[in-house]
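Scroll down for the structure; my scribbles are underneath it.
Any read-out appearing in this document is the output of simple, stated calculations on the displayed coordinates, not a laboratory observation. The model shown is predicted, which means the values in this text are computed figures rather than measured ones. Cβ placement follows ideal geometry from the backbone for every residue including glycine, while neighbour counts extend to all protein chains displayed.
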Amino acid sequence: MGDDMSGKQAKRKRQAERSRPTHVKNAERVGRAADAVIAVDVGDIVLKDRVPQVVVGICRAAAAQSKVVAMLTAAGNAASAAPNRRLVLEAAIRLLWLASLSRDERRQAVDIMLEKDRKDTNSTLGYLSSLGQTVDFDPTEMNEFELLSPTKGALQEQTRKLDAAVKATEVEPWSLYAMWREETKSAHPSGSLAGQYAPTFDDKHLASGEPSPMDGDLEAHQLIQFLIVMTTRDLLIQDGVSREIADRIPEAFHANSPTQFEWPE
């Protein structure tokens, strides 16, 4: 009797799991994997240059955004997660771009990225100053930090413009870029976004609606998460980080994701 009851309970449990919406189940997987990636201890990575810091930082930032995507999707608000999905896509594209560069080019590219951030910060500070506004931030140390960044050339162009980075990547990530472009329309107050939230139904009157996300069940998102953690691993190994340390992020991801995700020895 006991075995029969436990068998029926297991069957009911499987049936209940199958009846749950796909987007909810996948959102839970995405969230678990993201939490696992963020929780990985990388405190023993010795920095020979700034590449590992930028690579791991981009990976962790993408995981943090994936958590938001998962929460909004599970709550039925996937349309509102467009900015978060866009950042995850851009993180994947940037990591693939870095992976396509030689090690010396990669170091330069990272410094160019940091130089661009510094320039943008100074520009914002200058703008606020011109309006008579004061900011509690002293840029002296930031500006004195030495970066080996060329002022012109292909790497500069690829850092400033995502489409240039996409075209320069060894295997062009056209599908990621196409998704990024589509998400961009829903990530700021564009005409497309306005039209989806307030469409016309007879060319005279307004109706209400919302965007329909391309990846509403987060099937592609899980693959993009996998791509990000694997590219992060490869970049760390190429920069001299031991395999034992570099494998931590994909191992944590693998332990909390569908079993079809594997990585090479």
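Can you name the helices of the chain, as whole DSSP H runs, whose Cα span along the helix axis is 24 Å or more and whose Kyte-Doolittle mean is not below -0.5? Sorted by number, the helices that extend far enough and score high enough are 22-39, 51-74, 82-99, 219-238.
Debye-formula intensities of segment 112-159, expressed as log10 I(q)/I(0) at q = 0.14, 0.19, 0.24, 0.31 Å⁻¹, are -0.42, -0.68, -0.90, -1.16 (one equal scatterer per alpha-carbon, no solvent). The calculated FRET efficiency for Leu148 paired with Ala64, based on their beta-carbon distance and R0 = 25 Å, is about 0.30. Put in line by how crowded their Cβ is, counting other Cβ atoms within 10 Å and starting with the fewest, Val166, Val55 read Val166, Val55. Is the C-alpha gyration tensor of segment 124-264 telling us rounded, prolate or oblate? Criteria: a/c under 1.5 is rounded; beyond that, a/b larger than b/c is prolate, otherwise oblate. Oblate is the answer for segment 124-264, as a/c is 1.5 or above yet b/c matches or exceeds a/b.
Share of pairwise Cα-Cα distances greater than 25 Å in the chain is 56 percent (whole percent).
Among the lysines of the chain, pairs that are 8 or more positions apart or on different chains and have alpha carbons within less than 23 Å of each other number 15.
What does the C-alpha gyration tensor say about the overall shape of segment 183-247? Classify as rounded when a/c is under 1.5, otherwise prolate if a/b is larger than b/c, or oblate.
Working: a/c = 7.52, a/b = 3.70, b/c = 2.03.
In terms of gyration-tensor shape, prolate.
Between Ala207 and Ala164, the FRET efficiency estimated from the beta carbon spacing at R0 = 51 angstrom works out to 0.80.
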